[in-house]
Amino acid sequence: MSMRPRIAVTMGDPAGVGPEVCLHLLASEEMKSVCTPVVFGDLGILRRVAEETNLPLSAAVLRPAEWTENWAKVHQPSVLDLKALPADEVVPGRVNAATGRAGFTYVDRAIDAALAGQVAAVSTAPLNKEALHSAGINFPGHTEIFAARTSAPRSCMMQYSEEITCTFVTVHVGYREVPGLLTKERILDVIELTAEGLRRLRGREPKIAVCGLNPHAGEHGLFGDREEERIIIPAIEAARKKGITIEGPLPPDTAFLPWKRKSTDAFVCMYHDQGHIPVKALAFDSAVNTTLGLPIIRTSVDHGTACDIAWQGKANPSSLFAAVRLAVRLATKAK
């Protein structure tokens, strides 16, 4: 019997690069050596993409009833054919309500499998937010779907790489909303989740830096509404009292300099682009998006649906491979 962890891999939006990178994953000898990938998606769409891109489709095929009855016996790369969307209804690069609904179905079923203990983790290919909303699925993205479906009391996004790691107090909201969403309690939650996640990954106490919200970290109230003094500093002090090695608030424009990154395990960022810009600039192909605080393990690619190159044989699967590697690492450490 294989002892490799079984990883659910969602196919992503069918009109994007998700199906293509899943084909690469199923064919990868490296991935087969570390886990048993099970793609939650549509076999017909994967077949079409395989034909368009000249990629192999090498996997066992499972129907939902077969999975329900025999999931424990699945020890080879497989496709769980959910038949969420007929292949001939997909136009490459054109997302719409139907592709959004299908993409959500793959994620929803994978979460069910993880909650039931049928898979050790879930790794997700990209969804398209406009397609989700067109389908009436009002989640900004994967992070919020997983938090809601698992009833996590607290959670946060982590962008993880060996080069740079960032976690986020707020994510998919407009900039004008950010200050009102910052509280001492929320920032402290993210700091604690960051510390817990890094202890698990690195096996030691991490060094955490917290970014300020405003230019120059507010410069003693000169910029902003004293968010640093009123909210961020009290959260840092509370974390320090709990024994977390932490500093800040750092001016965001100098927080990510090379010498600082070398001495910092993770940066707690106040909003989406504060951390995503340095992560994408420094580790676009190797960074992995994971959600901390969930009762299940979830990792994801660190890129979007890339509809401009969908089904053309151009998609780079390295981010999905990195996401699966991290999922395996987390699943192994969870035992």
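Points worth noting:
- Residue with peak Gaussian network fluctuation, the chain [Cα springs, cutoff 10 Å], from K207, K242, K129: K242
- Inter-probe distance in nm under a simple model that places probes 7 Å from Cα toward Cβ, at F284 and K241: 4.4 nm
- Distance distribution note for region 219-268: the fraction of Cα pairs above 19 angstrom is 34%.
- Alpha-carbon Rg/Rh ratio, for region 27-68, with Rh computed the Kirkwood way: 0.99
- Principal semi-axes in Å for the chain [√(5λ), Cα gyration tensor, largest first]: 36, 21, 17
- Accessible-area ranking of F223, F146, F321, largest first, probe 1.4 Å: F223, F321, F146
- Only protein heavy atoms count here; on that basis, with a 1.4 Å probe, D225 has an accessible area of about 100 Å².
- Entry note, region 12-143: relative contact order of 31 percent, from Cα contacts under 8 Å with a spacing of 6+ residues.
- Summarising the label geometry, the points placed 7 Å from Cα in the beta-carbon direction at D273 and Q76 lie 4.9 nm from one another.
- Surface share of carbon and sulfur [accessible, 1.4 angstrom probe, percent] for region 1-123: 49 percent
- Tensor-based shape of region 37-191 (alpha-carbon gyration tensor, a/c under 1.5 rounded, otherwise prolate or oblate): prolate
- Degrees between helix 18-27 axis and first principal axis of the chain (Cα, 0 to 90, nearest 10): 70 degrees
- Theoretical FRET efficiency, 1/(1+(r/R0)^6), r = Cβ-Cβ of H220 and R200, R0 35 Å, to 0.05: 0.45
- Taking label points 7 Å from Cα along the Cα-to-Cβ direction, H133 and A87 give a separation of 3.2 nm.
- For region 66-106, the convex hull drawn through the C-alpha positions has a volume of 90 cubic angstrom per residue.
- D88 accessible area, 1.4 Å probe, all protein chains in place, Å² to nearest 10: 130 Å²
- Beyond 29 Å in Cα-Cα separation lie the following of the pairs K129/K260; K83/K129; K242/K280; K32/K262; K83/K314: K129/K260; K242/K280; K32/K262.
- Helical runs (DSSP H, four residues minimum) scored at -39500 (n - 2.57) apiece and divided by the length of the chain put the mean residue ellipticity at 222 nm at -11500 deg cm²/dmol.
- Here, P(r) means the percent of Cα pairs in each 10 Å bin from 0 to the largest distance; for region 199-308 it is 12, 38, 35, 13, 1.
- Kirkwood-Stokes translational diffusion coefficient of region 246-335, alpha-carbon pairs, 10 °C, 1.306 mPa s, µm²/s: 105 µm²/s
- Cβ-placed point charges (K, R +1; D, E -1), dipole of the chain about Cα centre in debye, nearest 20: 1040 debye
- Over region 46-121, the hull volume per residue, using the convex hull of the C-alpha atoms, is 105 Å³.
- Rounded accessible area per residue of the chain, 1.4 Å, Å²: 42 Å²
- Equivalent-ellipsoid semi-axes for region 74-164 (Cα gyration tensor, √(5λ), whole Å, largest first): 23, 19, 14.
- Ordering of 80-87, 162-169, 69-76 by burial proxy (mean other Cβ atoms within 10 Å per residue, highest first): 162-169, 80-87, 69-76
- A convex hull fitted to the Cα coordinates of region 1-100 yields 86 cubic angstrom per residue.
- Segment E229-S263, length gained on full extension (0.36 nm per residue, minus Cα span): 9.8 nm
- Solvent-free Debye scattering, log10 I(q)/I(0), computed from the Cα coordinates of region 154-211 at q = 0.17, 0.22, 0.29 Å⁻¹: -0.58, -0.91, -1.34
- Stretch gain in nm, segment M3-A152, where the contour uses 0.36 nm per residue and the Cα spacing is subtracted: 50.8 nm
The values are calculated or read from the model by the stated rules, or taken from the named source; none is laboratory data. Because the structure is predicted, anything quoted here is derived from the model rather than measured. Backbone-built Cβ (ideal geometry, glycine too); neighbour counts: all protein chains shown. Heavy atoms of the whole protein, side chains included, go into the accessibility calculation; ligands, DNA and RNA do not. Shrake-Rupley method; radii C 1.70, N 1.55, O 1.52, S 1.80 Å.
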